[in-house]
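Rule-based calculations on the coordinates, nothing more; no lab input. Since the model is a prediction, treat every value here as computed from it, not as a measurement. Cβ atoms come from the backbone with ideal geometry, glycine included; neighbour counts cover every protein chain shown.
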Amino acid sequence: MTPQEAYDKALTLGLRIPELEGIILKNAYYSYWYALYVIKGKFILGEPAISQDAFYSYCYALYVIKGKFILGEPIISKDAQYSYCYARDVIEGKWEKAEPAISKNARYSFFYAKYVIKGKLPDFMHNALLFSTDEYTKKYIKYIKYLK
């Protein structure tokens, strides 16, 4: 039986089936959906698989745990988009561990400044963004001028 078949069976029956969890836990996608729609809470056995995927780690933290997912933070912190989203939606504030990844993307650097920090970026991020030719550099410059 595949993780998809195991998940589909549990979802169709609408109940947790412990003997199928050993199959589901091998896949981040089905582990996340099993936690969300079948268990309606943490799926501890599936967390190692979920923690290998930035998107599902972010979603698991936001929609299942409704708080920090420490096991998933290393993978999330390497992805600019999900680092920004995790800082905004889960941590609800600055997340220094993820700033190096965010700083490599002008769009998410601007969003991080405006919607998370609500001010000027840390110097290394600020300087990286100023050297970018991305359209979000102009938006950031306009934003920090507005703050003054």
Go through the residues of the stretch 56-79 one by one and say whether even a single one is on the phi < 0 side of the Ramachandran plot, surrounded by fewer than 16 Cβ atoms within 10 Å (Cβ to Cβ), touching a residue at least 12 places away in the same chain (Cβ under 8 Å) and among the polar types (S, T, N, Q).
-> no
What helices (runs of 4 or more DSSP H), lying completely within the stretch 24-67, carry at least 2 residues that are among the aromatic types (F, W, Y)?
-> 28-33, 54-59
What do you reckon, is C85 over 30 Å from T133 (Cβ atoms), out of contact with any Gly (no Cβ under 7 Å at 6 or more places or on another chain), in a helix (DSSP H, G or I) and not acidic (D, E)?
-> no
So, in the stretch 1-44, of the ones that are under 19 Å from S57 (Cα atoms) and of a type in the set (S, T, Y), which residue ends up surrounded by the fewest Cβ atoms within 10 Å (Cβ to Cβ)?
-> Y37
Residues being buried (at least 23 other Cβ atoms within 10 Å of the Cβ) and free of Cβ contacts under 8 Å to residues at least 24 places away in the same chain - total across the stretch 99-120 = 1
May I ask you to verify whether Y108 is more than 19 Å from K68 (Cβ to Cβ) and within 15 Å of the chain's Cα centre (by Cα)?
-> yes
